[in-house]
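Below is one structure; the comments refer to it alone.
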Amino acid sequence: KWWGVDFEIKNHVVKISQLGPRFKALIPSLYKGKVGLDVAEAQHLMDGLNWQGAVKDIEASINWLKANGSKKVYYR
């Protein structure tokens, strides 16, 4: 989501993690903890995104999940 890791995303991840012991959820913060509070701020964060770093963060997240027992990893 282009806003960053906001309240809605955090709640969604909590719901996934509560589905059962075999479910894990991990959110890489591609904006390094920053959240867009309006459209202009979200656009600014997206425009300044370090794409190579973001891809590395996503790959590291996938690798962590696999190394910690996740047989299947879904990402969007």
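The values are calculated or read from the model by the stated rules, or taken from the named source; none is laboratory data. As the structure is a computational prediction, the values presented were derived from the model and not from experiment. When we count neighbours, we look across all protein chains shown, and the Cβ atoms used for this are built from the backbone with ideal geometry, even at glycine.
Structure values in brief
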{"quantity": "Given (1) touching a helix residue (DSSP H, G or I) at 6+ places or on another chain (Cβ under 8 Å); (2) in a helix (DSSP H, G or I), index of the condition residue 62 fails", "calculated": "(1)"}
{"quantity": "Near pairs, Cβ below 9 angstrom, 6+ apart or cross-chain, from the stretch 55-73 (surrounded by 15 or more Cβ atoms within 10 Å (Cβ to Cβ)) to any residue that is among the β-branched types (Val, Ile, Thr)", "calculated": "61/27; 61/73; 62/73; 65/73; 70/62"}
{"quantity": "Residue check for residue 6: free of Cβ contacts under 8 Å to residues at least 40 places away in the same chain, charged (D, E, K, R) and touching a Ser or Thr at 6+ places or on another chain (Cβ under 9 Å)", "calculated": "no"}
{"quantity": "Among (1) in a loop (DSSP other than H, G, I, E, B); (2) modelled with pLDDT of 90 or more; (3) among the hydrophobic types (A, V, I, L, M, F, W, C), the one test that residue 46 misses", "calculated": "(1)"}
{"quantity": "Residue selected from the stretch 1-38 under the condition in a loop (DSSP other than H, G, I, E, B) and of a type in the set (Gly, Ala, Ser), by the criterion surrounded by the most Cβ atoms within 10 Å (Cβ to Cβ)", "calculated": "4"}
